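Comments concern the structure below.
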2 protein chains.
Amino acid sequence: MAKQFEKKDIPKKSTNISEWYTALVLQAELADYGPVRGTIIIRPYAYAIWERVQQIFNEWIKADGVENAYFPLFIPHALLEKEKEHVKGFSPELAVVTVGGGEKLNEPIVVRPTSETIMYNTFATWISSWRDLPLKINQWCNIVRWEKRTYPFLRTMEFLWQEGHTVHETEKEAVGMVIKALDWYRRIYEDYYAIPVVIGIKSAAERFAGGKDTYTVEALMPDGKALQGGTSHNLGQNFAKAFAISFQDREGGTQTPWQTSWGLSTRSLGGLFLVHGDDNGLVLPPKVAPVTVAIYPIFGKDDANVLKFSQAIKNRIDKKGNTFPGKVVIFDDVEKTFGWRVNEGELKGIPLAIPVGMKEVESGNVRVSYRVDGLQNEELAVNTELSKHIERMLQTLQDHLFKTAKTFLEEHTRNVDSYDEFKEIMRTKRGFLRSFWCESEACEIKIKEETKATTRVKQLDAQKEKGKCIYCGKKAMYRWHFAQAY
Amino acid sequence: MAKQFEKKDIPKKSTNISEWYTALVLQAELADYGPVRGTIIIRPYAYAIWERVQQIFNEWIKADGVENAYFPLFIPHALLEKEKEHVKGFSPELAVVTVGGGEKLNEPIVVRPTSETIMYNTFATWISSWRDLPLKINQWCNIVRWEKRTYPFLRTMEFLWQEGHTVHETEKEAVGMVIKALDWYRRIYEDYYAIPVVIGIKSAAERFAGGKDTYTVEALMPDGKALQGGTSHNLGQNFAKAFAISFQDREGGTQTPWQTSWGLSTRSLGGLFLVHGDDNGLVLPPKVAPVTVAIYPIFGKDDANVLKFSQAIKNRIDKKGNTFPGKVVIFDDVEKTFGWRVNEGELKGIPLAIPVGMKEVESGNVRVSYRVDGLQNEELAVNTELSKHIERMLQTLQDHLFKTAKTFLEEHTRNVDSYDEFKEIMRTKRGFLRSFWCESEACEIKIKEETKATTRVKQLDAQKEKGKCIYCGKKAMYRWHFAQAY
């Protein structure tokens, strides 16, 4: 659907990652800007990846007894006010409807920035006994947060997400759910996006407004900035109390339940594009790539035979299994040169490329090349074994991308115990700095002011140590991951 | 999740269909009212049906080359104004955001009532040559129209839908697309919802604001009112001109393309519930039922064996094919009586019921009963043939529901040539009245004022006849379907 025959140039990732990213998003047809500032149009190629995430995630949550539902977009402002910390946290970000059906409304209506309040207002009527628990609801929907600075996918005024909301009899069960959701997010990032994440808990200042604890998976972008990948909240009993949710327990007493909520958004797509892409464009991990194999006919003397052989190859590969459901596409537009078509396939990050000319027709063999350097391209016979080999190569690329990103993460995660060094690194190469912090908000604020770095996460498996706060020098027990963040 | 152990009573459908419907929606856990007037919460049981519709529809459109995407919720008011008829049609129904991020906005933002304007504003940048056509985009999203009178599912301020938008080189191709989409809607209604529809074209007054022709599938509800089931619009070139969409044709000239849009919404679920339900609750057609078979253990002397046999039955039936993907559920809550559980299953419209007690364990046979009367229940052996027989029974019920609804439609579709009779029928039993109409808006308005009936549709295969307008007596060539409508 692109403007055709224009050479698509994008800046080098290594030179200016920000310009590269913006150009990539537009040129690879991932998104366009919407007419209202801060909104984007998610184009089919990127939306197909989101549909794949939905399919994977729906399987997991449904197997766990979570049910999909749909709650309204519009929330009366009064509902939002029921939990004090919550309204304080979200008020600056609200879009407010004041006119409906041509008339000024008596009560302003808020466009959902998240759905805790509207859901829990109703959960209170659904729950009366321990038999109604656990209640596990999820919805896929759009969310609006009025952002000052926006960036395609990574920070937009409207985004798509899933939000899971559960209610439990005990805190232990709720925490179990929080950790389970967190692990689903880890799997989306690590097993599908091929992006390693740091898993842990947020500081009080960074946690969800109104919640008790926020858990997060944090990824590191190529420019050394962190991306909050997905969050899972132990809401404690705060919302249950505010919304008067109670249940009769097994002994006949009245109890307040424990709640969780957890969300993964289209923001994650921005991380996916940013991490793996290179100077030639997008690089998509095979498990989420909408197109896994690009076949490029080389036109010349005997086009009919070349096209026939291309189709034969496609037919063989289409039988690959469910792990890599992306399409096999023959790029056969005769009006475009071979080079143009290959560039386009690279820009779009298609994992494997197969050029097909008379040489291939005659030999019955094809050369299959990876989208990235560093892996051995292969000469394969077009026979019944082909799809098996293609599947193996796709898995090899998937593993390679993860390993590369993992190495990058490790190389850019440093234990730092001197604040001067901390400041210097944050000014230059950035990355995750693991530093002792006394967990006082005062130090956290100062560090943010002076270095733009925030506490991203205290790892789930963090070891208790005897340390000194990187800022104030007072006693500190844990190293936290600090980073500048998207 | 229901309030348990409460006997769920709903009014009789035959006595007061409106009270029956509202009670059914709440008691069968299809929806709850949202806190903002006119909004509803779509509960998991109803949402599962919508997910099924999405799955079916996505298969069809993707096979046709339609791609899913996502356009923003927010539309600048100025965009809506670009097509004059369009803005006139939708202005009275708009929800308007005037405050964002705590500040009054300079330009009001409209919450999408449909996405023609925001999409076509961007399509203009995507299309430059005939090679970019056809462009076929679909999105699944939420839509807001400020309705004065609302009714769960059937008329709500916010609803979910798919909206397909295509751009073509020729009008012929566009009309082909319009008819194809219309046929997808017919298939959803007839083959899945088991609701027969009347297929045809809308009058000028009833057509989509800004479009050239609107096609529709219209269903008849049990109270004799019509439901507009889904609409498919030939937009002509109106929007293309308003949004300056043009393309270079095959000869190098500049042309204005032809457009279509078509939508099916969660409104259709209201029709589904309304048509088949009865005094005992919901009746769901097997092809879209989230649960197809309910197994009810009869507890007594040997519960372990009864449960074991119930599970064995479930395991056998779970192998049924993709036509009926709904779950097989064992309703085994020992704290509820057998009668309570069966009532609950009936209320939820589960197609088939299998009670399992010691008699069944010992004989190895079960009695499978239909949710509705009029079909022969069956005694089946629990062996390798069971799933095949269950599948056959599900198909029998699916066909029976369609046939019953078809008979109702036929019995309530009358050729009427006297306006007195027309008025009398619209005042009493209603239904579709096929009457000659001169196609002047004046008569249409008068008929609506005097009978509340509107022109619903002129059938695609309507025969040209020599008739006289039912209102003014002037020459009229076609019978139109008139009805009061939801």
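Just a few scattered comments:
- Residue within segment A:139-147 that is surrounded by fewer than 18 Cβ atoms within 10 Å (Cβ to Cβ) and either among the aliphatic types (A, V, I, L, M) or outside the structural domain of residue A:45 (by TED's automatic domain parsing) (or both) present: no
- On the stretch given as segment B:376-401, residues that are surrounded by fewer than 20 Cβ atoms within 10 Å (Cβ to Cβ), of a type outside the set (S, T, N, Q) and within 14 Å of residue B:190 (Cα to Cα) total 2.
To keep it simple, each residue is scored yes or no on (1) in contact with a helix residue (DSSP H, G or I) (Cβ under 9 Å, 6 or more places away or on another chain); (2) within 10 Å of chain A (Cβ to nearest Cβ); (3) surrounded by 20 or more Cβ atoms within 10 Å (Cβ to Cβ).
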{"position": "B:34", "(1), (2), (3)": "yes, yes, yes"}
{"position": "B:45", "(1), (2), (3)": "no, yes, yes"}
{"position": "B:95", "(1), (2), (3)": "no, yes, yes"}
{"position": "B:105", "(1), (2), (3)": "no, yes, no"}
{"position": "B:108", "(1), (2), (3)": "yes, yes, no"}
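- Residue in segment B:331-353 that is within 29 Å of the chain's Cα centre (by Cα), assigned to a helix (DSSP H, G or I) and acidic (Asp, Glu) present: yes
- Scanning segment B:76-92 for residues that are within 7 Å of chain A (Cβ to nearest Cβ) and surrounded by 18 or more Cβ atoms within 10 Å (Cβ to Cβ) returns B:76, B:79.
- Condition met for residue B:326 (of a type outside the set (Asp, Glu), crowded, with 17+ Cβ neighbours inside 10 Å and closer than 23 Å to residue B:50 by Cα): yes
- Single unsatisfied condition, residue B:70 versus (1) under 21 Å from residue B:155 (Cβ atoms); (2) crowded, with 21+ Cβ neighbours inside 10 Å; (3) facing chain A (nearest Cβ under 8 Å): (1)
- The numbered conditions (1) in contact with an Asp or Glu (Cβ under 9 Å, 6 or more places away or on another chain); (2) buried (at least 23 other Cβ atoms within 10 Å of the Cβ) are all true for residue B:268 except (1).
- For residue A:144: the one exception among (1) touching an Asp or Glu at 6+ places or on another chain (Cβ under 6 Å); (2) free of Cβ contacts under 8 Å to residues at least 24 places away in the same chain; (3) of a type in the set (Val, Ile, Thr): (2)
- Residue count, segment B:55-77 (criterion: closer than 30 Å to residue A:146 by Cα and modelled with pLDDT of 95 or more): 10
- Each residue in segment B:241-279 was checked for being more than 19 Å from the chain's Cα centre (by Cα) and more than 20 Å from residue B:23 (Cβ to Cβ), and 20 pass.
- Taking segment B:236-265 as the range and being of a type outside the set (Phe, Trp, Tyr), more than 21 Å from residue B:80 (Cα to Cα) and either in contact (Cβ under 8 Å) with a residue 40 or more places away in the chain or touching a strand residue (DSSP E or B) at 6+ places or on another chain (Cβ under 8 Å) (or both) as the test, the residues that pass are B:248, B:249, B:250, B:254, B:255, B:264, B:265.
- The criterion of being of a type in the set (Val, Ile, Thr), surrounded by fewer than 19 Cβ atoms within 10 Å (Cβ to Cβ) and in the same structural domain as residue A:161 (by TED's automatic domain parsing) does not hold for residue A:49.
Listed here are the residues, each with its yes/no results for (1) in contact with a strand residue (DSSP E or B) (Cβ under 7 Å, 6 or more places away or on another chain); (2) under 27 Å from residue B:25 (Cα atoms).
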| position | (1), (2) |
| --- | --- |
| B:106 | no, no |
| B:110 | yes, no |
| B:122 | yes, no |
| B:126 | yes, no |
| B:130 | yes, no |
| B:142 | yes, yes |
| B:153 | yes, yes |
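- Residue check, residue B:293 hydrophobic (A, V, I, L, M, F, W, C), surrounded by 21 or more Cβ atoms within 10 Å (Cβ to Cβ) and within 27 Å of residue B:183 (Cβ to Cβ): no
- Spans of strands (runs of 3 or more DSSP E) in segment A:225-311 with at least 1 residues touching a His at 6+ places or on another chain (Cβ under 7 Å) and not polar (S, T, N, Q): A:258-265
- Unique residue being touching a strand residue (DSSP E or B) at 6+ places or on another chain (Cβ under 6 Å), among the acidic types (Asp, Glu) and not assigned by TED's automatic domain parsing to the domain that holds residue B:458 when the list is B:379, B:362: B:379
- Residues of segment A:1-20 classified as closer than 28 Å to residue B:165 by Cβ and at pLDDT 95 or above, total: 0
- Qualifying residue in segment B:163-172 (condition: hydroxyl-bearing (Ser, Thr, Tyr) and within 25 Å of residue B:65 (Cα to Cα)): yes
The values are calculated or read from the model by the stated rules, or taken from the named source; none is laboratory data. Fair warning: this is a prediction, and the values are worked out from it, not measured in the lab. When we count neighbours, we look across all protein chains shown, and the Cβ atoms used for this are built from the backbone with ideal geometry, even at glycine.
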